[in-house]
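Everything below concerns the one structure shown next.
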Amino acid sequence: MHAAIRLPQRIPNLNLTIYEKNPEIGGTWYENRYPGVACDVPAHSYTLIYEPNPEWSEFYASGQEILRYLQRVADKYDIRKYMKFNHKCLGGTWNEEKGKWKVEIEGPDGKKLSDECDVLITATGILNNWKWPDIPGLDSFKGTRVHSAVWPEDLDLSGQNVAVIGNGSSAIQIIPRLQKIVNRLDAYARGTTWISPPLAGSKVEEHNPGGGNSNSPPKNITNIVTFEEEQIRKWKQDKAAFDQFRREIEYEQHLSYKALLQGTEDQKAGEAFFTDMMKKKLEKKPEIFEQLLPSFPPGCRRLTPGPGYLEALVQPNVDFIKTKIKQIHPDGIETEDGKIRKVDVIVCATGFDVSGQKYIPLTGRNGVKINDKWAKQPVAYNSFAVDEFPNCFITAGPNITLSNGNLILMFEKVVEYAAKSIKKMQREGIKVMVVKKEAVDDWKEYCDNFFPRTVFATKVFR
Ligand SMILES: Cc1cc2nc3c(=O)[nH]c(=O)nc-3n(C[C@H](O)[C@H](O)[C@H](O)COP(=O)(O)OP(=O)(O)OC[C@H]3O[C@@H](n4cnc5c(N)ncnc54)[C@H](O)[C@@H]3O)c2cc1C
């Protein structure tokens with residue numbers, strides 16, 4: 001979306017075509033519709049930097065609210081005219097002689113077509129390839145089976161016996177919602193996880209004391225941190241005050257960066273705070289605390305605030321199951337201890353395939369394939385440029401994800417860089433622009449030296 005807005009603004013004579021496999025804009029927020037889907041960073045920072053939204057009704061806006069925001073912005077900038085919906089890009093091949101990319105597309109009717117471009121930007125996201133978990137017998141299940149990433153619109157789970165497999169970001173958002181309406185919920189957790197206090201927590205305290213996962217006693221007994229109509233009205237009237245609020249939110253989020261550096265006082269204090277908060281919330285079932293507590297430091301995996309998750313786990317209608325699943329039967333799930341729990345519904349909140357192998361197939365110079373090049377380790381200069389892949393920019397490349405803030409900001413920067421590069425090509429008549437291998441190697445060396453200092457380099461034992 002940002003590319004569709006910014007590129008024509010920066011390069012007025014640009015001929016832009018965007019191939020989108022879905023029938024509508026929104027990406028992550030169009031696809032993910034499971035109960036409780038929401039951003040896990042403050043919504044006021046999860047916006048395009050030039051399109052602030054004083055109207056967010058919640059601190060962690062729901063997926064539906066984010067989708068409405070994106071649709072409104074798309075209308076405002078009239079960007080749908082660049083988009084060919086229901087067109088899936090199957091891959092691209094660089095033609096050195098022409099200095100162009102040839103892209104293969106599958107149209108809405110399944111017909112294949114191709115297109116050519118001087119510059120290719122892949123903005124295919126990170127979390128698109130959802131997959132069923134590899135559990136014996138999954139296909140034999142006779143009840144309802146759903147994956148969090150393709151949630152059926154009219155699925156009503158009220159009064160049902162439900163198993164949720166997974167304890168990653170999606171499960172952490174789904175479980176508090178389902179717990180309230182189902183008869184029984186079996187929460188199968190393979191790994192351990194940190195549940196974090198909110199990023200920019202002081203703002204939560206200001207607006208909903210005790211909300212989110214803060215440690216102070218709740219005033220209005222809610223985990224959903226909302227903004228009052230009155231507050232929204234004030235922000236709409238007073239742009240300076242609203243800008244200041246956004247700045248503070250952004251600043252406070254990024255302060256937590258210090259806690260991502262291994263062995264620092266901030267890191268130790270953060271870990272102690274998280275541990276204490278989780279222990280308190282799991283007081284009623286302390287065995288869950290023991291089973292959930294990770295051996296790796298907070299931030300090693302993306303932090304999940306998960307308001308209401310720990311509270312849901314201690315409810316009488318929830319069983320937290322850490323024993324490994326052995327197999328799935330037509331009517332339930334068997335764990336390795338031989339216990340079979342019968343259920344009506346299995347929710348697979350087991351996430352996405354994020355391995356470099358599944359990147360959209362691109363063939364660069366001399367027939368080099370990106371998935372071969374990245375087989376051992378995906379590397380891209382500044383996360384967006386790959387040697388042997390000229391005139392190509394990747395918005396969500398290796399190492400772009402951050403643990404202490406929103407990703408939109410990062411993608412915006414990549415698009416700005418691409419816009420500058422395209423302008424330079426136009427201005428100076430440059431046919432081919434490609435990052436040097438030495439620059440990529442230097443970047444890799446920098447990363448290889450930087451990351452061991454951070455919590456990201458900690459080993460995760462399941
Ligand atoms: C449940 C969930 C919660 C999240 N919460 C947060 C959060 O709180 N904060 C945060 O920073 N990030 C969050 N993320 C990460 C989120 O993916 C990014 O923030 C952001 O939405 C990514 O934007 P994107 O445009 O790069 O990718 P996407 O939103 O995934 O969009 C990619 C688009 O490319 C299209 N596409 C993909 N492949 C093809 C193809 N071959 N041909 C044509 N079109 C294609 C897709 O249909 C999609 O529309 C979350 C992700 C999920 C799944």
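How large is ³J(HN,Hα) for each residue in the range 41-48, as worked out from phi by the Karplus curve 6.51 cos²θ - 1.76 cosθ + 1.60 (θ = phi - 60°), to whole Hz, x for Gly and Pro?
10, x, 4, 5, 9, 7, 9, 5
How far, in degrees from 0 to 90, does helix 265-281 lean away from the longest principal axis of the Cα atoms of the chain, to the nearest 10?
Taking the Cα atoms of the chain, the angle to 265-281 is about 40 degrees.
For the chain, what are Rg and Dmax over the alpha carbons, in angstrom?
23.3, 70
Pairs of Cα atoms under 8 Å, at least six residues apart: use those to get the relative contact order of the chain, whole percent.
Once normalised by length, the contact order is 22 percent.
Roughly how tilted is helix 63-76, in degrees to the nearest 10 and between 0 and 90, from the longest Cα axis of the chain?
30
Enumerate the lysines that LYS342 could reach by cross-link, defined here as Cα to Cα under 29 Å, with residues fewer than 8 away along the same chain left out.
Cross-link targets: LYS131, LYS142, LYS180, LYS281, LYS284, LYS285, LYS322, LYS324, LYS326.
Name the residues whose placed amide hydrogens come within less than 5 Å of the amide hydrogen of ALA38, ignoring near sequence neighbours (fewer than 5 apart) on the same chain.
Hits under the 5 Å cutoff: GLY63.
Which ³J(HN,Hα) values, rounded to whole Hz and listed in residue order, are derived for the range 328-340 from phi using the Karplus coefficients 6.51, -1.76 and 1.60 in 6.51 cos²θ - 1.76 cosθ + 1.60 with θ = phi - 60°, glycine and proline given as x?
Coupling constants for the range 328-340: 9, 9, x, 10, x, 10, 9, 9, 5, 7, x, 7, 10 Hz.
Which stretch or stretches of the range 429-460 have amide N atoms under 17 Å from the point lying 7 Å from ARG190's Cα along the Cα→Cβ direction?
It comes to 460, nothing else.
Please give the calculated 222 nm ellipticity per residue for the chain, where each DSSP H segment of at least 4 residues contributes -39500 (n - 2.57) and the sum is spread over every residue; nearest 500 deg cm²/dmol?
Values: 13 runs with 141 residues, N = 462.
For the chain, the value works out to -9000 deg cm²/dmol.
Expressed as a rounded percentage, what relative contact order does the range 323-451 have, with Cα pairs under 8 Å and six or more residues apart?
17
Helix 169-181 versus the longest principal axis of the chain: what is the Cα-based angle in degrees, 0 to 90, to the nearest 10?
Orientation of helix 169-181: about 40 degrees from the principal axis.
Starting from the amide H of ASN161, placed 1.01 Å from N in the peptide plane, find each other amide H under 5 Å away whose residue is 5 or more places distant or on another chain.
ASN183, ARG184, ASP344, VAL345
So for each of 359-367, 304-312 I average, over its residues, the number of other beta carbons within 10 Å; can you give me the resulting order with the highest mean first?
Sorting 359-367, 304-312 by mean packing, highest first, produces 304-312, 359-367.
Once you put a point 7 Å from the Cα of LYS131 and another 7 Å from the Cα of LEU113, both along the Cβ direction, what distance in nm separates them?
Each label point lies 7 Å from its Cα, and together they span 3.2 nm.
Can you list residues from other chains, or at least 5 along the same chain, whose modelled amide H is less than 5 Å from the amide H of PHE320?
ALA187
State, as an integer percentage, the relative contact order of the range 138-348 based on alpha-carbon contacts under 8 Å between residues 6 or more apart. All intermediate terms of the calculation are to be shown ahead of the outcome.
On the way: 326 pairs, mean separation 74.1, N = 211.
Averaging sequence separation for qualifying contacts and normalising by length gives 35 percent for the range 138-348.
Of the listed peptides 126-138, 410-422, what is their order by residue-averaged count of other C-beta atoms within 10 Å, with the highest listed first?
For the peptides 126-138, 410-422, the packing ranking is 410-422, 126-138.
Any read-out appearing in this document is the output of simple, stated calculations on the displayed coordinates, not a laboratory observation. All of these numbers come straight from a predicted model, not from anything done at the bench. In this analysis, Cβ positions are derived from the backbone assuming ideal geometry, glycine residues included, and neighbour counts consider all displayed protein chains.
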